[in-house]
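The values are calculated or read from the model by the stated rules, or taken from the named source; none is laboratory data. Because the structure is a prediction, the values reported are computed rather than measured. Heads up, the Cβs are rebuilt from the backbone with ideal geometry, glycines too, and the neighbour counts pull from every protein chain shown.
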Amino acid sequence: MEPILHLAPYTGWVYPNETVFEWSILIAVYPYITGLVAGAFTVSSLYQVFGFERLKPVAHLALLTSLSFMIFVPMPLLLHLGHPERAFNAVLTPHLTSAMAMFGFFASFYVVLLIIETWFANRPFIVAQAQQRSDLLGRFYRLLTLGSDDVSEYAMRFDKKWIFALAVIGIPAAHGLHGYVGFMYGSVKAREWWSSDLMAVIFLFSAIISGVSLLVVLYVASCKLRRVPIDVACVKGLAYTIWGFIMVALVLEGLEFASMIYKGVEGVDMIIQYVTGPLLIPYFVLQIGIGAVTPLLWLSYMIWRGSSGKALVVGVTVCASLVLFSVFMMRWNVVIGGQEISKTGKGLLSYQLPFFGKEGALMAIVLILAPIAVLFGLTRLFPPWADGAAHTQA
Amino acid sequence: MTKNSKPALAARRAFLAKLGGAATCAGAAVGAAALGVIPNVSAKTEAAADGASFPTKDYDWTKHEWGFGVDATKCIGCLRCVEACKRENDVPANAHQFRTWVERYVHLDGDEQVHIDSQQDPVNIAASGSEKTFRFANRYKDAKVYKAFFVPKLCNHCTHPSCVQVCPTGATFRTKDGVVLVDPTYCIGCRYCVQACPYGARFFNEETHVADKCTWCYHRITKGLRPACVEVCPVGARIFGDQKDPDSPISLFIRNNRVQVLKAEMGNAPNVFYVGIDKEVN
């Protein structure tokens, strides 16, 4: 079939209204950021709830990371809306049958939970600062104490209970939030590429590996910047977590793909043509090959050989970066890929990514990097570092 | 964990016990609520809007149930319907957004592949010379055509519309007289409905920044007129009427023909009924 140039170039037969891509790269960035939030929270919970002591050096950092990224979750959506000024309509008069309508509530609940947990986790530091400082920042910390400067052993035990309870509630909240994002795509029956019961679970597992990987990169980078030694046991703990979850993520992705191809319902010819053509590089090579299988093999090798020290840190950091890239490609391949397969089942479209503009590549990069800038600021206000803390206890 | 003192462990155990109790209560409540919620969120929901009547006092929307018929055997692909729709409803004057469109299916001799195009195809736009008027280019004049036909398409105004189901604000809704509409003053422009429509009937209006689609010319039919596309069709390929009236054109069309709907497997229960379409039409 001859390619025909239009707004979105296409081949074959597509519905006329499909030639405009309605969900841009920002809608791929949105689940990516949400996934990082859920994944980072997982790390924090592994320590707070499940007692993985070797993750203590990153536990507070994970919480701050989750909060920093959560602040930016609504941004890609607001930038994408035709009428962002009406965004609150979805919260004020939610349409209860809509998977999207509940997002405002889930997200707000989770943000509040994160803020409260972060407050409890940082209370001793806030109180200390409030008492020591007399400058403007001191006033800020005094305000943040909310009138409570009790850091006695009894109060700390009380705080710990709260942190534990919030972390327990936070696990289903964070994962529910992200699983629901997957459901938003999986429940769209009109798109063969999205419509899958496994979609929510795939999103969840890819979220966990992306969040843990982000923590690896942030932790290693922060140690380098602060010129403190890297806690190798902590990095190893994170590596094990990635290793375990990436296998599940890969198996799920494989099952999803296999069942779609094996069932071979109407329109599967187009999907096969798509995955073996335009999707070959972004899906098989970048997302699966380089982004997932390579780190899995590399991590397996390091675990098998008992790598330690610099080799382990470098290896895990590179693997984590690859996983971060892989999960972004997964979001891209779902959101953009789903729209590249026409609803007619008889044609393929090709998304043209603009660089500038409200929904361009530059904006996507800014939105992914902005939370890191906020995190940088937050770590100055609430230092999450627990240098040389815990691994000896593990 | 190993370093925890006994009292701390006991406290944790007590907390978990409380948590377990709370979870059981919450679980029971959720279970009970689910019984009420499940039928309401299922795609089979009858999502009719409330309100006594709309939009005029002398029109009672509980007295009608509109329906649309397409007789593909009659369509000649003149595209007057497309142009009339664009003018009547201020649809953006471009070649990629339509409330209604016509598809052309052509089988060539000795070629197993069916060739499908619509008025938005660049070859057809080149033939019409403008993105405001439409015509089908005579692109198969040198080929031996084995079989060919036209299929007009539009919103199916489904009984179980997936666009209505996914709308986060309820800005898109189904009226009591069976028409799926968008409230342009309430739509937030998220385009979830555009994704959810299996028929590609919706688009995002770049001028109003809200979702847009066929309304069966609701402003006309509530005044006793026919939709613009039905009005201008020179061959009677488009049929419109009240399904509650047994003698209306649509009731007669459904009674006198073996009709079918598009993508029935989606479960949307469309209200546009087709006659004379082939197996590859979806």
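What to note about this one:
- Scanning the range A:66-101 for residues that are hydrophobic (A, V, I, L, M, F, W, C) and within 19 Å of B:VAL210 (Cβ to Cβ) yields A:LEU77, A:LEU78, A:LEU79, A:LEU81, A:ALA87, A:PHE88, A:ALA90, A:VAL91, A:LEU92, A:MET100, A:ALA101.
- One residue alone among B:LYS144, B:LYS63, B:LYS74 is free of Cβ contacts under 8 Å to residues at least 60 places away in the same chain and either surrounded by 20 or more Cβ atoms within 10 Å (Cβ to Cβ) or more than 12 Å from chain A (Cβ to nearest Cβ) (or both), and that residue is B:LYS144.
- Qualifying helices (runs of 4 or more DSSP H) (wholly inside the range B:59-167; at least 2 residues being in contact with a helix residue (DSSP H, G or I) (Cβ under 6 Å, 6 or more places away or on another chain) and assigned by TED's automatic domain parsing to the domain that holds B:ASP183): B:80-88, B:162-166
- When the test is whether a residue is within 18 Å of the chain's Cα centre (by Cα), under 18 Å from A:LEU55 (Cβ atoms) and either touching a residue at least 40 places away in the same chain (Cβ under 8 Å) or part of a helix (DSSP H, G or I) (or both), A:GLY237 does not pass it.
- Taken together, A:VAL127, A:VAL73 contain a single residue that is more than 21 Å from A:GLY182 (Cα to Cα) and not aromatic (Phe, Trp, Tyr), which is A:VAL127.
- Restricting the search to helices (runs of 4 or more DSSP H) fully inside the range A:63-179 and requiring at least 3 residues that are away from every other protein chain (no Cβ under 14 Å) and surrounded by fewer than 21 Cβ atoms within 10 Å (Cβ to Cβ) gives A:103-132, A:136-144.
- Among (1) within 12 Å of chain B (Cβ to nearest Cβ); (2) modelled with pLDDT under 95; (3) outside any loop (DSSP other than H, G, I, E, B), the one test that A:PHE21 misses: (3)
- Of all residue pairs spaced 6 or more apart or on separate chains, those with beta-carbon atoms under 8 Å, a first member in the range B:190-203 that is on the phi > 0 side of the Ramachandran plot and a second member that is part of a loop (DSSP other than H, G, I, E, B) and acidic (Asp, Glu) are B:ARG191/A:GLU22.
- Among (1) at pLDDT below 95; (2) at negative phi - the single one A:GLY357 does not satisfy: (2)
- All conditions but one from (1) within 10 Å of chain A (Cβ to nearest Cβ); (2) in contact with a Leu (Cβ under 6 Å, 6 or more places away or on another chain) apply to B:GLN120; the one that does not is (2).
- The residues listed here are A:SER259, A:SER196, A:SER206; of these, the one that is within 30 Å of B:ARG191 (Cβ to Cβ), small (Gly, Ala, Ser) and surrounded by fewer than 19 Cβ atoms within 10 Å (Cβ to Cβ) is A:SER259.
- When A:SER307 is tested against (1) part of a loop (DSSP other than H, G, I, E, B); (2) loosely packed, with under 15 Cβ neighbours inside 10 Å, only condition (2) is not met.
- Taken residue by residue, the range A:356-374 has at least one member that is more than 15 Å from the chain's Cα centre (by Cα), within 30 Å of A:HIS60 (Cβ to Cβ) and in contact (Cβ under 8 Å) with a residue 24 or more places away in the chain.
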